[in-house]
Amino acid sequence: MQTYQATPNALQNKVILITGAGDCIGRVAAITYAKYGATVIFLGKTTNKLECVYDEIVNAGYPQPAIVPMDLKGATKQNYRDLAATIESQFGRLDGLLNNAG
């Protein structure tokens, strides 16, 4: 059995959105994706948790992430349209999504 080992820049120039990025699996995924070069967009309802993950990534010298505070439970169609427009205008694309919100 072969063991896969990601290269240090495996996600370089990729934009990845992570829901629930403030805690647990989402937090670890955000830091790991950033470590491998991705620009990570955090989407979650608890801004202070997202800011803590943001600070960890910036302090580690990884690509600067972005925070989008949103409670998916109460989100409207317009909220999703606005999110899509923001991603398009600020990043130009979305390469991946981890739908981790519980």
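The values are calculated or read from the model by the stated rules, or taken from the named source; none is laboratory data. Values in this document were obtained by computation on a predicted structure and should not be read as measured data. Here the Cβ positions follow ideal geometry from the backbone for every residue, glycine too, while neighbour counts run over all protein chains shown. Surface areas here come from the heavy atoms of the whole protein model, side chains and all, with no ligands, DNA or RNA. Shrake-Rupley method; radii C 1.70, N 1.55, O 1.52, S 1.80 Å.
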Note to self: Between a residue in the stretch 68-86 that is under 12 Å from G20 (Cβ atoms) and any residue that is open to solvent by 60 Å² or more (accessible area, probe 1.4 Å), which pairs come within a Cβ distance under 6 Å, given they are 6 or more apart or on different chains?
What the structure shows: D71/K45
Notebook entry, point to check: Counting just the residues of the stretch 18-32 that are touching a strand residue (DSSP E or B) at 6+ places or on another chain (Cβ under 8 Å) and touching a residue at least 60 places away in the same chain (Cβ under 8 Å), which one comes out nearest to G92 (Cα to Cα)?
Noted result: I18
